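Accompanying notes for the structure given below.
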Amino acid sequence: MSILAILVALSLSPEKRDSLLAETQGNEALWGRMLENSDSERLECIEYLFTTIPRLDRLEMTETALMDHVLGALDSRENLCPDLPDSVFLPFLLDYRMSEEPVTAYRTPLSVFWARELPCAGAAIETAELLREAISGMSVRSREYLGGVAPPLDVLQGRAGTPAELRVLFGSSLR
């Protein structure tokens with residue numbers, strides 16, 4: 001999909017916006033405020049998330065989590081890959097979670113943690129390998145029958161997780 005096609009698809013018509021806001025009763029004030037008070041790249045990111053994430057996630061989203069993901073993704077793109085096309089950036093780097101973990105703000109604390117733990121990391125491949133080694137050294141536990149997927153920061157803090165939680169932590173850390 002071309003960048004122009006993505007931008008056209010992202011243009012929220014007033015009808016589409018109102019329809020999605022109506023489906024998000026209880027959290028429509030947050031989304032309305034974020035859509036009205038943002039501009040340029042931030043607005044594109046917020047509109048993309050608003051139109052693509054499931055209704056229940058729109059209901060759970062907080063301003064802190066939304067801005068952590070939007071600003072974290074924009075910062076990563078600017079610092080690591082400024083030429084990354086929107087067709088890759090929006091669905092892969094901006095996306096706010098990897099699996100069914102709760103909607104939380106984890107990008108900034110995760111980035112700070114790894115910067116402290118892996119200060120000598122250099123190239124992307126080298127950094128990815130160091131992340132893989134660190135995470136593969138964590139304890140693997142079995143999934144609880146009714147348990148969901150723990151947020152990446154909880155897995156990191158406990159130094160243990162299910163295979164799915166460790167994959168989410170790894171993917172989130174790579175971002």
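The values are calculated or read from the model by the stated rules, or taken from the named source; none is laboratory data. The structure presented is a predicted model; accordingly, all values stated were derived computationally and were not measured. We place every Cβ from the backbone using ideal geometry, glycine too, and count neighbours over all the protein chains shown. What goes into the accessible areas is simple: the full protein's heavy atoms, side chains included, and nothing from ligands, DNA or RNA. Shrake-Rupley method; radii C 1.70, N 1.55, O 1.52, S 1.80 Å.
What number of residues within the range 97-112 are free of Cβ contacts under 8 Å to residues at least 60 places away in the same chain and either of a type in the set (A, V, I, L, M) or touching a Ser or Thr at 6+ places or on another chain (Cβ under 9 Å) (or both)?
The first filter runs over the range 97-112 and keeps only residues free of Cβ contacts under 8 Å to residues at least 60 places away in the same chain, leaving 100, 102-105, 108-109, 111-112.
Right, trim to either of a type in the set (A, V, I, L, M) or touching a Ser or Thr at 6+ places or on another chain (Cβ under 9 Å) (or both) and you get 103-105, 111-112.
Matching residues across the range 97-112 total 5.
Which of the residues that make up the range 97-138 are within 21 Å of the chain's Cα centre (by Cα) and among the hydroxyl-bearing types (Ser, Thr, Tyr)?
SER99, THR104, TYR106, THR108, SER111, THR127
Taking SER38 as the residue in question, decide whether it is under 25 Å from PHE170 (Cβ atoms) and of a type outside the set (A, V, I, L, M, F, W, C).
no
When you go through LEU10, LEU4, LEU35 one by one, which is the residue that is modelled with pLDDT of 90 or more and either touching a helix residue (DSSP H, G or I) at 6+ places or on another chain (Cβ under 9 Å) or at negative phi (or both)?
Exactly one residue qualifies, and that residue is LEU35.
Pull up the range 139-171, narrow it to residues that are among the polar types (S, T, N, Q) and more than 21 Å from the chain's Cα centre (by Cα), then point me to the one that is farthest from LEU110 (Cα to Cα).
Of everything passing the filter in the range 139-171, SER142 is farthest from LEU110 (Cα to Cα).
Taking the range 24-40 as the region of interest, how many residues are within 12 Å of PHE50 (Cα to Cα) and either open to solvent by less than 70 Å² (accessible area, probe 1.4 Å) or in a loop (DSSP other than H, G, I, E, B) (or both)?
The number of residues fulfilling the criteria is 7.
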